[in-house]
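Trainee: Starting off with a structure, shown below.
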Ligand code: SF4
């Protein structure tokens with residue numbers, strides 16, 4: 001991987017942030033495209049937030065992009081554009097946690113700091129037959145302490161990458177390749193013939209079911225989009241909509257949401273829904289055809305968007321919605 005062939009902290013940092021919630025194969029093309037667009041930390045720091053979100057579109061978990069952007073600006077402003085090699089200073093940057101600090105500073109600056117991700121936790125739990133789950137606070141504490149006690153003073157970055165790689169390629173969740181494992185003679189779980197018992201499985205939180213009503217409003221092949229505000233997906237665009245409270249009328253709630261944007265429209269239920277899973281939520285978006293009965297106000301929060309060439313960062317739900325059969329019907333109704 002290109003990020004394993006450099007010790008330049010900027011690309012290593014970008015890769016670590018991308019890989020936090022994204023598989024290597026998925027992240028790779030985004031990584032290449034992101035660095036082609038923002039080749040240096042200074043170019044990222046000077047970019048507009050919308051450009052950064054656009055480059056991130058499709059990777060999800062947009063808070064990572066916002067934090068990375070803010071952090072690049074902070075490095076430019078407070079550290080003369082040089083990524084700080086001090087764990088305290090680096091760890092204070094937006095979005096930088098213990099894992100990112102350990103990964104970037106051990107790989108790029110030989111700081112003997114541990115990393116702990118799912119792969120490392122699995123390897124350590126099996127090697128030491130330790131019943132500690134990374135998702136549980138007590139388990140994470142024990143695993144961090146163990147990881148910290150093992151990091152060597154020499155080439156700590158190579159060590160961290162080796163353990164992560166071992167977990168990703170040999171000591172995999174199902175069917176680990178113990179026969180070819182370089183640490184098999186040290187592995188307690190293998191000696192006890194209890195590999196499958198480690199790490200213990202922590203109960204997963206059940207995803208929350210969310211109902212949403214969305215208005216599909218089209219004009220000359222473009223769809224009206226709203227820029228999201230608030231904690232979740234702020235700065236990304238999607239067709240105007242509203243989350244529905246239990247038992248709430250979708251039509252009424254959607255009309256109120258449109259009115260708050262200065263929009264008036266005749267709404268017709270399309271009869272089609274789009275399902276979308278995000279973090280811990282499963283969203284069912286009921287789609288409504290919207291025919292404007294008034295002008296669209298001038299507002300930085302509203303924009304007509306051409307779905308194949310959006311020029312603004314869209315949410316994944318927006319992409320699903322605009323290419324759904326409900327949207328196709330909206331376009332057809334608009335033409336007829
Ligand atoms: Fe994992 Fe098997 Fe190696 Fe133990 S011997 S670390 S269980 S791959």
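Trainee: Can you give me the number of residues within region 1-19 that are outside any helix (DSSP H, G or I) and modelled with pLDDT of 85 or more?
Mentor: Looking only at that region, the number is 3.
Trainee: Here's another thing I want to ask about it. Could you look through region 129-161, keep only residues that are surrounded by 16 or more Cβ atoms within 10 Å (Cβ to Cβ) and free of Cβ contacts under 8 Å to residues at least 24 places away in the same chain, and pick out the one that is farthest from the ligand (Cβ to nearest atom)?
Mentor: Looking at the filtered set, the residue picked out is 142.
Trainee: For residue 209, only one of the following conditions fails: (1) in contact with a strand residue (DSSP E or B) (Cβ under 6 Å, 6 or more places away or on another chain); (2) surrounded by 13 or more Cβ atoms within 10 Å (Cβ to Cβ). What is its number?
Mentor: (2)
Trainee: Checking residue 213 against (1) modelled with pLDDT under 95; (2) within 25 Å of the chain's Cα centre (by Cα): exactly one of these is not met. Which one?
Mentor: (1)
Trainee: Which ones in region 145-160 are out of contact with any helix residue (DSSP H, G or I) (no Cβ under 7 Å at 6 or more places or on another chain) and part of a helix (DSSP H, G or I)?
Mentor: 145, 148, 149, 150, 158, 159
Trainee: Here's another thing I want to ask about it. For region 162-185, state whether one or more residues are within 18 Å of residue 99 (Cβ to Cβ), more than 14 Å from the ligand (Cβ to nearest atom) and touching a helix residue (DSSP H, G or I) at 6+ places or on another chain (Cβ under 9 Å).
Mentor: Initially, region 162-185 is screened for residues within 18 Å of residue 99 (Cβ to Cβ), giving 162-168.
Of the ones still in play, those that are also more than 14 Å from the ligand (Cβ to nearest atom) are none.
No, there is no match, as no residue in region 162-185 is within 18 Å of residue 99 (Cβ to Cβ), more than 14 Å from the ligand (Cβ to nearest atom) and touching a helix residue (DSSP H, G or I) at 6+ places or on another chain (Cβ under 9 Å).
Trainee: Let me ask you something else. Could you tell me whether any residue of region 71-84 is surrounded by fewer than 21 Cβ atoms within 10 Å (Cβ to Cβ) and modelled with pLDDT under 95?
Mentor: Taking region 71-84 first, the residues surrounded by fewer than 21 Cβ atoms within 10 Å (Cβ to Cβ) are 73-74, 76-82, 84.
So of that shortlist, the ones also modelled with pLDDT under 95 come out as none.
No, region 71-84 contains no residue that is surrounded by fewer than 21 Cβ atoms within 10 Å (Cβ to Cβ) and modelled with pLDDT under 95.
Trainee: Among the residues in region 190-210, are any in a loop (DSSP other than H, G, I, E, B), in the same structural domain as residue 289 (by TED's automatic domain parsing) and either near the ligand (Cβ under 10 Å from one of its atoms) or closer than 24 Å to residue 265 by Cβ (or both)?
Mentor: No - not one qualifying residue is present in region 190-210.
Trainee: Also, quick follow-up: Which ones in region 92-128 are within 16 Å of the ligand (Cβ to nearest atom), assigned to a helix (DSSP H, G or I) and in contact (Cβ under 8 Å) with a residue 40 or more places away in the chain?
Mentor: 118, 119, 120, 121, 122, 123, 125, 126, 127
The values are calculated or read from the model by the stated rules, or taken from the named source; none is laboratory data. These numbers come from a predicted model, not from an experiment. Cβ coordinates were reconstructed from backbone atoms using ideal geometry, including for glycine residues, and neighbour counts include every protein chain displayed.
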